[in-house]
Amino acid sequence: MNITDRQRAILATIIEQYAEIAAPVGSVTLAKLFGVSSATIRSEMAKLEDIGLIEAPHTSAGRIPTDKGYRLYVNGITDAQMTELPSGVDRSARAIEAHLNSHVDKADRAIRSAVDSLAQLTGNMGFATIGSELYTNGIGTLFSQPEFIEGRHVQAVARLIDNIEPWLREAAPNQPLNVFIGSENPIGKTSGATLIISKFRSPFSDNSYIGVIGPTRQNYVRTMMLVRKTGTMLEEAL
């Protein structure tokens, strides 16, 4: 997709601001951040909207990212960004590792502990599936996110959760890290949810996965790092 560096930077800022404040991002905020006039930002936002990367919610003058905008952003996250853990992510990863290592003698406890830690540290629902065992934690946290309070998406998200284990068995995503955003989800296309999954090797199953389900409004770099790191830790621990 042909967009300028500035448009790409504006899209990234809208995504990151929206993840933080859960409210549409306006041109005044962006103008301050980029040190240009509101008119310049409005013109750039109009172009991003024309090509379907951002949209205006009904009641707001601000803009939010579309699934297509998130996909462009996620595709632009480089391996370099994913390997260099910022201090906050590193602390979280070490916390997961400490919990996991305290249960290393019992595989099911180690897996459960990894899922619990992921849910707690990302604010998403954490899950792991090993063979036909499914471990979950954090459904309450997931449904307390602003997107899901009104209930429009709740049934679609619930359907996604109900079908996660058979779908993973059938689809068997084979990358170390897989990201399915909003309408890309095989089940619950209208859920407004993102699925971030790491495949890892375990002695119990060829298709073992750990991941999170959260809103599309997500700190993607941090969550992707933590999910991938947790998959690696589990693989080593088991």
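Here, each number is a calculation from the coordinates, and none is a lab measurement. Since the structure is predicted, the reported quantities are computational estimates derived from the model, not experimental observations. We place every Cβ from the backbone using ideal geometry, glycine too, and count neighbours over all the protein chains shown.
Odds and ends about this structure:
- The chain: equivalent-ellipsoid semi-axes (sqrt of 5 x gyration tensor eigenvalues, Cα, Å): 33, 19, 15
- Other-chain or far-sequence residues with amide H under 5 Å of Arg63's (modelled H): Val25, Gly26
- Taking amide H as placed 1.01 Å from N in the peptide plane, the amide H of Asn207 sits under 5 Å from that of Gly131, each at least 5 places away or on another chain.
- Distance between the 7 Å Cα→Cβ label points at Glu235 and Ile51: 3.4 nm.
- Between Asn163 and Ala98, full extension at 0.36 nm per residue minus the direct alpha carbon distance yields a gain of 20.3 nm.
- 3J(HN,Hα) along segment 54-61: 9, 8, 9, x, 3, 9, 10, 7 Hz, from the Karplus curve 6.51 cos²θ - 1.76 cosθ + 1.60 with θ = phi - 60°, whole Hz, x for Gly and Pro.
- Take every pair of alpha-carbon atoms less than 8 Å apart whose residues are at least six positions apart; their mean separation over the length of the chain yields a relative contact order of 18 percent.
- For Ser183, net neighbour charge (Lys/Arg +1, Asp/Glu -1) across residues whose Cβ lies under 15 Å away: +2
- Eligible lysines near Lys106 by straight Cα distance, threshold 21 Å, same-chain separation 8 or greater: Lys199, Lys229
- 3J(HN,Hα) couplings calculated from phi for segment 17-28 with the Karplus curve 6.51 cos²θ - 1.76 cosθ + 1.60 (θ = phi - 60°) are, in sequence order, 5, 5, 4, 7, 9, 6, 9, x, 9, x, 5, 5 Hz; Gly and Pro show x.
- The long axis of helix 38-50 is offset from the longest Cα principal axis of the chain by roughly 60 degrees.
- Normalised by the number of residues in segment 5-75, the mean separation of alpha-carbon contacts (under 8 Å, six or more apart) gives a relative contact order of 35 percent.
- Once the chain from Asp5 to Ser38 is taken as fully extended at 0.36 nm per residue, the excess over their C-alpha distance is 10.1 nm.
- Highest to lowest packing among 143-155, 179-191, 25-37, scored as the average C-beta count within 10 Å: 179-191, 25-37, 143-155
- Euclidean distance between Cα centres, segment 71-137 to segment 182-238, Å: 8 Å
- Reachable lysines, given that their alpha-carbon falls under 29 Å from the alpha-carbon of Lys32 and they are not under 8 places away in the same chain: Lys47, Lys68
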